[in-house]
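Every read-out reported here was derived from the displayed coordinates using simple, explicitly stated rules and does not represent laboratory data. Remember, predicted model here, so these are calculated numbers, not experimental data. Cβ sites come from the backbone with ideal geometry, for glycine too, and all protein chains shown count toward neighbours.
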Amino acid sequence: MLSYIVMLVKLIKDTHKLDLKELRQLYNHIRSILPPAVVYQQKPAKCGCKRCKEGGKGHGSYWYAYFTYQNKTHCIYVGKEKREIDPLKELEKKKIRKRRLRDNGRI
Ligand SMILES: [Zn+2]
């Protein structure tokens, strides 16, 4: 444990030796391995019903989670109640659902 902390302190100190280009590379690397930061937002949902089509205020409101991963912004429906999500797990679930719909010929 101690050697790990010593290594971490050295690693942090060593970042001061890097030039701007190297720092940018390190920053991009760290961003690529960190899970994305999630922003939660509550908003009404619009469906295809007459009231929504005519500019009504929609249904809900419902919680959505937004995050950026691999240069793409994602929106995940959370539901009526706010809960913390694991962005990468949710993304994987979304992919599986989409694949299933495609395999069933629905999209
Ligand atoms: Zn509606």
May I ask which of 57/80; 53/82; 57/82; 46/80; 43/82 have a Cα-Cα span longer than 18 Å here?
-> 53/82; 57/82
Note on the chain: C-alpha Rg/Rh, Kirkwood Rh, two decimals, gives 1.18
Relative contact order (%) - the chain, alpha-carbon pairs under 8 angstrom, separation at least six = 17 percent
What stretch of the chain, leaving out the sites themselves, is the longest with no GluC sites (Glu not before Pro) in a DSSP loop having at most 15 other Cβ atoms within 10 Å?
-> 1-53
If one compares the long axis through the Cα atoms of helix 20-33 with the longest principal axis of the Cα atoms of the chain, the angle in degrees, nearest 10, works out at 50 degrees
For the range 42-107, with the dipole built from +1 on Lys and Arg beta-carbon atoms and -1 on Asp and Glu ones, taken about the Cα centre, which of 73, 61, 104 lies farthest toward the positive end?
-> 104
Under 5 Å between amide H atoms, partner at least 5 residues away or on a different chain: which partners does residue 62 have, H built in plane at 1.01 Å?
-> 43, 45
Contour minus Cα-Cα distance for residue 47 and residue 98 (0.36 nm per residue) | 16.4 nm
With charges only on Cβ, +1 for K and R and -1 for D and E, what is the dipole size of the chain about its Cα centre, in debye, rounded to 20?
-> 760 debye
With only helices counted (DSSP H, runs n ≥ 4, each -39500 (n - 2.57)), the per-residue ellipticity at 222 nm for the chain, to the nearest 500, works out to -14000 deg cm²/dmol
